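Report on the structure given below.
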Amino acid sequence: MWNELLARIRQGHRTTDFPRSVPAMPDRFRGRPIIEAGKCVEGCRECAEVCPTGAIVVGGGVKLDLGRCLFCTECTNACPRGAIRFGQDHRLAASAREDLMVTGEAPTLAKALDEEARRLFGRSLKLRQVSAGGCNACEADVNVLNTVVFDLGRFGIQFVASPRHADGLLITGPVTANMKLALQKTYEAVPTPKIVIAVGACAISGGPYADHPEALNGASSSIPVDLYVPGCPPHPLTILDGLLRMLGQIPTSDLR
Amino acid sequence: MSVLVLRNGEAADVRKIPSLSVTDFRRVVLEEVARGSRIAAFFGRPDHERMRLVAVLANAAEATLSLCSAEVGDAYPSLTPDCPQAHWFEREIQEQWGVRPEGHPWLKPIRFHRPYRGGSVGEVLPGATDFFRVEGEEVHEVAVGPVHAGIIEPGHFRFQCHGEKVFHLEISLGYQHRGAERALAGGPGKRSIPIVETVAGDTTIGHALAYAEALEGLGRTRVSARAQALRGIALELERLANHAGDVGALANDVGYLPTAAYCGRIRGDFLNLTALLCGNRFGRGFVRPGGVGFDLEPARASQLLERLQRALEDVRVAVNLLWDTSSVMARFEGTGEVSRQTCEELGLVGPAARASGVERDARQDFPAGIFRFAHIPVSTCDSGDVYARAYVRWLEIQRSVAFIRDQVASLPSGETLVKTAPPGPDRICVSLVEGWRGEICHVATTDEAGRFAAYKIVDPSFHNWIGLAMALRGQQISDFPLCNKSFNLSYCGHDL
């Protein structure tokens with residue numbers, strides 16, 4: 001018992017006080033991309049050409065689809081002018097698919113659910129996680145929200161063991177053909193009203209597996225999605241930020 | 001010569017692989033296995049209008065990889081009855097190419113997809129197969145999955161039970177099949193690296209390293225000593241994060257929450273060290289063919305060492321609580337035993353094999369990169385139970401930290417990334433990497449234009465899922481989560 005008490009003292013208090021403050025990200029962390037189209041050379045398409053998932057569209061400026069982006073640095077390495085780079089901003093989640101397009105304008109972050117949904121879920125949200133072809137990186141960094149560091153329970157969010165106990169689904173992976181039916185059944189087993197959260201490039205667009213006949217280009221191919229959390233995988237803070245914004249626990253105006 | 005002998009990461013002309021008759025092929029494989037080799041890979045590949053079987057036999061004592069092949073028709077006599085470790089490979093060959101291993105005792109799909117050749121078949125439904133059944137009035141069946149209760153990947157488990165006692169567990173996978181291996185053919189291309197980095201996302205460094213070493217072998221690219229050392233550091237950081245997480249998860253499954261809570265956090269501390277190195281907690285973007293994508297400057301190196309030391313001290317305190325707590329030890333000891341003989345026969349790899357006393361570790365047996373110069377002692381335990389699988393992880397945590405310290409202290413100077421030469425035409429290269437789950441094997445073959453004609457991936461989970469099934473024999477069904485966690489295998493790494 002003494003050993004346990006000593007260990008307890010040694011391990012200390014480890015929970016971040018997010019969202020009151022944001023922990024420092026590693027200096028090489030790749031958050032929201034920053035595009036300065038003014039620096040582009042006329043007719044240059046280097047970034048778009050090297051992108052493994054076709055996330056970048058050049059023409060009338062440069063647009064980057066966060067839903068496809070793997071945050072892999074191919075574009076930043078290829079750009080001769082430094083017109084595209086990754087910033088430190090971890091806030092990436094959005095409520096609408098089109099809000100994931102990075103253009104150089106101010107970003108539209110995830111909106112809070114409507115009043116009725118917030119009344120139902122705002123203080124208690126039970127989620128069922130379905131991995132449908134995920135590589136276990138998104139799964140791992142969703143799971144990490146349950147550790148003492150993020151302590152998801154203090155926000156009233158909990159992962160539950162049955163869809164019938166859940167208010168919604170959190171989906172990872174491109175949705176493989178072999179998981180399509182299981183995902184559909186799980187979705188149907190969640191009582192209405194329900195919400196669906198797609199986490200990671202695979203669940204939003206298919207990621208590196210986009211257009212494979214073995215997979216379905218993400219969750220929205222088979223069920224409606226209410227929150228998109230981009231990344232490959234998203235940082236745990238990116239996921240938590242998205243969840244809290246959706247529940248109205250971070251005001252939309254708060255850009256911390 | 002009946003085999004082509006290669007070293008780990010060495011390429012050769014693919015036409016030099018001896019083409020044997022099926023009878024000779026079987027004889028050579030069985031003889032090699034009898035003298036201590038293990039099947040590292042065994043697969044089919046189209047060769048003009050015919051099919052060719054290729055076997056890669058790994059001999060640890062000689063650090064050699066022996067390759068041989070045979071042209072087959074639609075069927076051949078199965079190796080499995082004489083050589084059980086071929087069983088999963090032969091099921092894969094039948095599923096992918098429709099080549100039937102006759103006399104296979106257990107022939108059914110492993111991933112549930114349409115065959116790669118041959119006429120159209122009807123819809124292939126996952127899990128639609130004849131499960132092994134134990135008959136009897138008091139025998140009952142428990143089915144679990146594909147969607148599980150926690151935040152984990154999908155798979156289906158079918159238990160044949162008598163009361164609480166498990167007679168047999170059958171594991172049916174394929175739900176994660178994304179076409180990863182198939183998509184690599186025709187490469188290298190823009191998506192090759194994102195795909196190998198997500199074959200098993202918790203093993204990003206391991207698979208990316210196996211891919212990079214194969215590609216460098218095919219094009220004869222020489223990687224700097226500095227990049228090799230940095231790759232080794234990243235590989236061991238990946239092992240540290242996963243091993244620390246696994247030990248915590250084992251504590252959680254026996255209801256011992258202090259270690260579960262501490263290790264859950266410490267796992268993140270190790271992941272954050274990988275993020276310190278490359279910005280991503282899973283090592284995305286770090287390993288690149290030709291070297292590494294990021295350098296470790298002196299200031300970053302000292303920060304790494306300092307945080308590594310703190311994490312080691314924290315994990316030491318957290319893990320040692322387990323061995324001192326009798327209620328934990330009572331649940332770990334004697335649970336989910338796998339004998340050394342079973343490990344050898346089934347060709348298990350990684351901590352699961354080492355926990356049964358099998359001294360098997362690709363870092364020692366088939367050293368490549370930094371491991372040719374710096375050796376990590378192989379950690380083994382004898383009891384083959386959950387305790388042994390936990391304890392081997394703890395030993396490896398300590399040895400990985402020591403290795404990283406040594407490497408950071410003596411980091412050679414040099415370029416971190418050199419340009420890779422394109423793969424040569426008609427070549428084959430086998431690369432083995434000891435990932436945290438065990439041996440990762442990649443076999444790259446190029447066509448006459450130097451593109452990948454085929455790219456074969458064997459994740460350690462491919463060998464080890466059957467080990468979990470064996471561990472459950474005669475156990476209480478309530479011990480399944482604990483046994484499962486003690487293996488902690490990859491679903492997507494298996495399903496590809």
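The values are calculated or read from the model by the stated rules, or taken from the named source; none is laboratory data. Treat the numbers as computed from the prediction; the structure is a model and nothing was measured. Note that we place each Cβ from the backbone using ideal geometry, even for glycine, and neighbour counts take in every protein chain shown. These accessible areas exclude ligands, DNA and RNA; they are computed on the full protein's heavy atoms, side chains included. Shrake-Rupley method; radii C 1.70, N 1.55, O 1.52, S 1.80 Å.
Things to note:
- Furthest towards positive pole of dipole, B:LEU107, B:GLY122, B:ALA86, structure part region B:79-190, Cβ charges: B:GLY122
- Here the accessible area of region B:55-142 is 48 percent carbon and sulfur, with a 1.4 angstrom probe and all protein chains present.
- Rolling a 1.4 angstrom probe over region B:260-336 with all protein chains present gives an accessible area of which 52% lies on carbon and sulfur atoms.
- Averaging the Cα positions of each part gives two centres, and for region B:59-80 and region A:212-236 these lie 40 Å apart.
- Inter-label distance, A:ARG97 to A:GLU115: 3.1 nm, where each label sits 7 Å from its Cα along the C-beta direction.
- From the C-alpha gyration tensor of region B:342-455, square roots of 5λ in Å: 31, 22, 9
- Burial of 40 Å² or greater, region A:27-56 residues [accessible area, probe 1.4 Å, versus chain by itself]: A:ARG28, A:ARG30, A:PRO52
- Expressed per residue, the C-alpha convex hull volume of the protein assembly as shown stands at 158 Å³.
- Alpha carbon Rg of region A:95-181, scaled by the compact-globule rule 2.2 N^0.38 Å: 1.26
- Test item: Cα-centred dipole of the protein assembly as shown, Lys/Arg +1 and Asp/Glu -1 on Cβ, debye: 1460
- Pair A:SER21, B:ALA225: separation of 7 Å Cα→Cβ label points (nm): 4.4
- Mean separation of Cα contacts under 8 Å, 6 or more apart, over the residue count of region A:115-246: relative contact order %: 26
- Accessible surface calculations at 1.4 Å, restricted to protein heavy atoms, place region A:115-246 at 31 Å² per residue.
- Minimum 40 Å² accessible area buried by the other protein chains, region A:184-233 residues, probe 1.4 Å, relative to alone: A:PRO208, A:TYR209, A:HIS212, A:GLU214, A:CYS232
- Here is the list for region B:25-130: chymotrypsin sites (Phe, Trp or Tyr not before Pro) lying in DSSP coil, each with at most 15 other C-beta atoms within 10 angstrom of its C-beta, are B:TRP106, B:TYR116.
- The chymotrypsin sites (Phe, Trp or Tyr not before Pro) of region B:277-377 that meet both conditions, a loop assignment by DSSP and at most 14 other Cβ atoms within 10 Å of the site Cβ, are B:PHE373.
- Region B:67-221: radius of gyration and largest Cα-Cα distance (Dmax), Å: 18.9, 64
- Heavy atoms of B:HIS140: accessible area, 1.4 Å probe, square angstrom to 10: 80
- Taking a ≥ b ≥ c as the square roots of the Cα gyration tensor eigenvalues, region A:37-188 comes out prolate, since a/c reaches at least 1.5 and a/b is larger than b/c.
- Percent antiparallel among DSSP beta bridges (both partners in the protein assembly as shown, rounded to 5): 75
- Cα-based shape type of region A:1-127, given that a ≥ b ≥ c are square roots of the gyration tensor eigenvalues and the cut on a/c is 1.5: oblate
- Cross-link partners of B:LYS165 among lysines (Cα-Cα below 28 Å; sequence separation of 8 or more within a chain): B:LYS108, B:LYS485
- Interface burial for B against A (accessible surface, 1.4 Å probe, total of both chains, Å², rounded to 100): 4800
- Along principal axes, Cα extents of region B:408-456, largest first, whole Å: 44, 30, 10
- Averaged over B:196-203, number of beta-carbon atoms from partner chains that fall within 10 Å: 6
- Relative contact order of chain B, defined on C-alpha pairs under 8 angstrom at six or more residues apart (%): 19
- Among the trypsin sites (Lys or Arg not before Pro) within region B:417-496, those in coil by DSSP and having at most 12 neighbouring Cβ atoms inside 10 Å are B:LYS419.
- 222 nm mean residue ellipticity, helices alone, for the protein assembly as shown (DSSP H n ≥ 4; -39,500 (n - 2.57); rounded to 500): -10500 deg cm²/dmol
- Computed about its Cα centre, the charge dipole of chain B is approximately 1380 debye, with only Lys, Arg, Asp and Glu carrying charge at their Cβ.
- Going from the chain on its own to the full set of protein chains, region A:1-24 has these residues losing 10 Å² or more of accessible surface (heavy atoms, 1.4 Å probe, no ligands, DNA or RNA): A:ASN3, A:GLU4, A:ALA7, A:ARG8, A:ARG10, A:GLN11, A:ARG14.
- The GNM of chain A, with springs linking C-alpha atoms under 10 angstrom apart, assigns the highest mean-square fluctuation among A:ILE171, A:ILE204, A:ILE34 to A:ILE34.
- Where Rh is the Kirkwood radius over Cα pairs, Rg/Rh for region B:211-318: 1.07
- Each listed q (0.20 Å⁻¹) maps to a log10 I(q)/I(0) for region A:187-226 from the Debye sum over equal C-alpha point scatterers, namely -0.59.
- Taking Cα centre as origin and charging only the Cβ of basic (Lys, Arg, +1) and acidic (Asp, Glu, -1) residues, the dipole magnitude of region B:4-102 rounds to 160 debye.
- Rg/Rg_ref, chain B, where Rg_ref = 2.2 N^0.38 Å and atoms are Cα: 0.95
- For chain B, excluding the exposed loop sites themselves (GluC sites (Glu not before Pro), DSSP loop, at most 10 other Cβ atoms within 10 Å), the longest remaining stretch covers B:165-447.
- For A:LYS111, the lysines whose Cα falls under 27 Å of its own Cα, not counting residues fewer than eight places away in the same chain, are A:LYS63, A:LYS126, A:LYS194.
- Percent breakdown of C-alpha pair distances by 5 Å bin, ordered from the shortest bin, for region B:4-102: 3, 13, 27, 26, 19, 10, 2, 0
- Along the axis of the charge dipole computed for region A:115-246 (Cβ charges of +1 for Lys and Arg, -1 for Asp and Glu, origin at the Cα centre), the listed residues A:ILE157, A:MET179, A:VAL199 are led at the positive end by A:ILE157.
- Orientation-averaged projection of chain A equals 15.8 nm² [convex hull of Cα atoms, one quarter of hull surface area].
- Calculated over region A:65-135: convex hull of Cα atoms, volume per residue (Å³): 145
- Neighbouring Cβ atoms from other chains, within 10 Å of the Cβ of residues in B:206-212, number 0 on average.
- Label zone (B:ARG50, point 7 Å along Cα-to-C-beta; backbone nitrogen cut-off 11 Å) within region B:18-32: B:19-22.
- Over region B:180-459, the fraction of Cα-Cα pairs per 5 Å bin, rounded to whole percents and listed from the shortest bin up, is 1, 6, 12, 16, 18, 16, 13, 9, 5, 2, 1, 0, 0.
- Of the solvent-accessible surface of chain A, computed with a 1.4 Å probe over protein heavy atoms with every protein chain present, carbon and sulfur atoms account for 52 percent.
- Global size of region A:115-246 as Cα Rg and Dmax, reported in angstrom: 13.7, 41
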